[in-house]
1. Among the lysines, which fall within straight-line cross-link reach of residue 114, defined as a Cα-Cα distance under 24 Å, with same-chain neighbours fewer than 8 residues apart omitted?
2. Once amide H atoms are built 1.01 Å from N in the peptide plane, which residues 5 or more positions from residue 160, or in another chain, come under 5 Å H to H?
3. Angle check, please: helix 97-108 long axis (alpha carbons) against the longest principal axis of the chain (alpha carbons), in degrees 0 to 90, nearest 10.
4. With everything on Cα atoms, drop me the angle between helix 191-214 and the longest principal axis of the chain, reported from 0 to 90° to the nearest 10.
5. How do 10, 41 rank by accessible surface area computed with a 1.4 Å probe, from largest to smallest?
6. Suppose R0 equals 30 Å; then what is the FRET efficiency for residue 179 and residue 48 from their Cβ-Cβ distance, rounded to the nearest 0.05?
7. Multiply the residue separation of residue 205 and residue 122 by 0.36 nm, subtract the distance between their alpha-carbon atoms, and state the gained length in nm to one decimal.
8. Return a whole-number percent for the relative contact order of the stretch 129-198, with Cα pairs under 8 Å and 6 or more residues apart as the contact set.
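The values are calculated or read from the model by the stated rules, or taken from the named source; none is laboratory data. Note that the structure is predicted; figures quoted are calculated from it, not measured. Cβ sites come from the backbone with ideal geometry, for glycine too, and all protein chains shown count toward neighbours. Quick note on the areas: whole protein, heavy atoms, side chains included, nothing else; ligands and nucleic acids left out. Shrake-Rupley method; radii C 1.70, N 1.55, O 1.52, S 1.80 Å.
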Amino acid sequence: MYDRAMQALYALSLSPVAEATADPYSFGFRKYRSAQDACQYAFICLSHKNSAQWVLEGDIKGCFDNINHEWILDNIQMDKSILKQFLKAGFVYNRYLNPIIIGWSNYHRSVVSKEVFSNLDYRMWNMLWRWAKRRHQDKNSKTWIVRKYWHSEGSRNWMFSTKKNRLKLFSDTKMVRDTSLKLDKNPYLDSEYFKLRKLRQKALKLSEWCKTRWGE
């Protein structure tokens, strides 16, 4: 608890400095900015007839393991002994299949993802089919395997499920376009803009949830 409190304290003091000096077109680790905002900005830049046809993606192998700690210590204005401890900290996580599908789909639903989601459903089906055949190699009948793992639900067939639960489909996720972020806005100087933007995003998500829930 003490460690978390100290991290929050230093974050509160450094965040305004970072926002005032950061590149207006950067999105990573920025207050009230997300990967969805970055995707939306990329879509705006790349959706014109004269837009670039190719995108170069760079991925630094082991970035956080190999990042220059000396540069950070020299340039971040905070207690150096505390900063050294932050740089040495790590993380742990655990996940399961349905939460992965739901989380990943929600993360990418603000971009043009419908075709990708359908393709992932197809790939997932093939992976599960191969898994089921390997698991029941003693069963010569494919019909037996189908009846055990795949069932109908409403108008849908071939739903991987049990009596209580079913595997979520990527394509179950509805597309919701994010509102474009005004890149010249600062969360510490333009708080009203970010409050209104957050309310609009919540209202949009609630509207989509209601449509999914009641089919309206």
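1. Residue 114 reaches 49, 168, 174, 202, 205, 211.
2. Answer set, sorted by chain and number: 151, 167.
3. 50 degrees
4. With rounding to tens, the tilt is 0 degrees.
5. Sorted by accessible area, descending: 41, 10.
6. Efficiency for this residue pair is about 0.95.
7. Between residue 205 and residue 122, full extension yields an extra 27.2 nm.
8. 13 percent
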